[in-house]
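Chemist: Let me give you the structure first, and then I'll get to my questions.
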Amino acid sequence: MSPTRTPPGAPPGPPTGRTRPLGLPEWDRCAVMGVVNVTPDSFSDGGQWFDPELAVKHGLDLVAQGADLVDVGGESTRPGAARVDEAEELRRVVPVVRELAAAGVLVSVDTMRASVAERALAAGARLVNDVSGGLADPAMVPVVAAAGVPFVVMHWRGQSIDMNNRAVYGDVLAEVLAELRTGLERAVGGGIAPERIVVDPGLGFAKDAGHDLTLLAHLPELRALGRPLLVAASRKRFLGRVLAGEGGDPPPARERDAATAAVTAIAAREGAWAVRVHEVRASADAVRVARALERPGAGGPDAGGARGGAAR
Ligand code: PMM
C-alpha cells in the first residue's frame, strides 16, 4: 500500500482546518501537526531535512500523508544542544516556510526568537510554536500579540544545554500546571488574546521519563487549564525507556513511531487539540479512529475528517 493518498508530488489542498475568529485553526477531531526539522542535529530525524528543498518536499509529503499543519523549526532542542545563531536560524527556516505556505500548507514556526517568528509570519506562517513559551526572548510575546496569531505556550525551565539539571520536582503535575498558568498569564498580560493560546506540557524538556509519563497520565488536568492542548511525544526518550523495559537498551528514535501513535490515540481520546509527530500516517489514522469512537453510529469513510475516501 502506498504511504500517501494523493499522487506523489501533487500539491496539498488548502488547509482543511476551520479558523476561529481569533485565528486558532481547529478541526472536528484532534489535529496532526507534522514536524519538519531543518537542522543537522535533531535527535529525532538526524539532519534528514537540512537541505531546504528536501525539507519542503518532506512537508508536502507529510500533508499528503494526513498532516493538518506542518511545524517548521531550524534549531535543535535536544538535551545538551547549543543554540544556533539568529542568521543561521533565519536562513534555515524562512525559505521553507515561504514555499510550504505558498503551496497552501498551514505552517507553524517552531522558534524561540521573535525575529524568526516575525520573518516566518511575513513568509506565510500562521502560528508561532515557542518551546520557551515566550521566556527565551522578551520580544516574542509583543511580536505575537501585534501579529494577532495563535501561540503555543510550552512548559519550559531553561535552554537545552543544561535543561536535564532542572528536571527536579516534588509534584511534577502540580508544578507544571502552576508554571503553565504563569506562562499563560505572561502571554495574556503581554497582549495575546487567550483564545489564541495553546498549552503544551513540554514532554522531555527538563523532565525524565517518569515525569513525562505522569503528565501523559493526567491530560484531563492539563486540559482543565482551559486552553487547547498540544501533545508532543513523538520519538522522545521516555518512549525509548518504556520500550526498553527494565535495564534494556532503548530503541533508536526512528523505531519509536508505533509507540508515538499509541500516545496519539490516547491524546486524541482525551481531547487534545493536536499532536506533534514526525511520522504522520499512523497518527492521522489514530485520530480518525478516536473521532469515530465519539460517535460510533456515524461510521462511514468521512467519519472524523477530510482524509477518507481512498479504498483500502
Ligand atoms: N519538542 C521538540 C520541538 N518542538 N514544540 C512543542 N510545542 N512541544 C514539544 O514538545 C516540542 C516542540 C523537540 O522534538 P524534535 O527535536 O523532534 O522536534
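Chemist: Just to be sure, is Gly245 at pLDDT below 95 and out of contact with any strand residue (DSSP E or B) (no Cβ under 9 Å at 6 or more places or on another chain)?
Modeler: yes
Chemist: Moving on to the next point. Report, by residue number, each residue of the range 24-73 that is among the acidic types (Asp, Glu) and within 12 Å of the ligand (Cβ to nearest atom).
Modeler: Once the filter is applied, which keeps residues that are among the acidic types (Asp, Glu) and within 12 Å of the ligand (Cβ to nearest atom), the range 24-73 yields Asp41, Asp45, Asp71.
Chemist: Any idea which of Leu222, Leu203, Leu230 is of a type outside the set (Ser, Thr, Tyr) and touching a residue at least 60 places away in the same chain (Cβ under 8 Å)?
Modeler: None of the others qualify; the one that does is Leu230.
Chemist: Quick one: is Ile192 buried (at least 22 other Cβ atoms within 10 Å of the Cβ), within 28 Å of Val36 (Cα to Cα) and at pLDDT 95 or above?
Modeler: Spelling it out, Ile192 is indeed buried (at least 22 other Cβ atoms within 10 Å of the Cβ), within 28 Å of Val36 (Cα to Cα) and at pLDDT 95 or above.
Chemist: Can you name the helices (runs of 4 or more DSSP H) wholly within the range 184-278 that have at least 2 residues being within 15 Å of the ligand (Cβ to nearest atom) and not aliphatic (A, V, I, L, M)?
Modeler: Answer list for the range 184-278: 209-216, 237-244, 257-269.
Chemist: List the pairs whose first member sits in the range 270-298 and is crowded, with 16+ Cβ neighbours inside 10 Å, whose second member is in a helix (DSSP H, G or I) and modelled with pLDDT under 95, and whose Cβ atoms are under 9 Å apart, counting only residues at least 6 apart or on separate chains?
Modeler: Between residues of the range 270-298 that are crowded, with 16+ Cβ neighbours inside 10 Å and residues that are in a helix (DSSP H, G or I) and modelled with pLDDT under 95, the close pairs are His278/Ala253; His278/Arg254; Glu279/Arg254.
Chemist: Somewhere in the range 74-95, is a residue touching a residue at least 40 places away in the same chain (Cβ under 8 Å), within 21 Å of Pro25 (Cα to Cα) and surrounded by 18 or more Cβ atoms within 10 Å (Cβ to Cβ)?
Modeler: no
Chemist: Inside the range 206-223, can you point out the residues that are under 14 Å from Trp156 (Cβ atoms), of a type in the set (A, V, I, L, M, F, W, C) and at pLDDT 95 or above?
Modeler: Correct list: Leu215 only.
Chemist: Right, here's the next one. Please list, ordered by first then second residue, the pairs with beta carbon atoms under 9 Å, 6 or more apart or interchain, first in the range 122-133 and closer than 16 Å to His155 by Cβ and within 15 Å of the ligand (Cβ to nearest atom), second of a type in the set (Lys, Arg) and part of a loop (DSSP other than H, G, I, E, B).
Modeler: Asp130/Arg113
The values are calculated or read from the model by the stated rules, or taken from the named source; none is laboratory data. Bear in mind that the values here come from a model prediction, so they are computed numbers and not experimental data. Cβ sites come from the backbone with ideal geometry, for glycine too, and all protein chains shown count toward neighbours.
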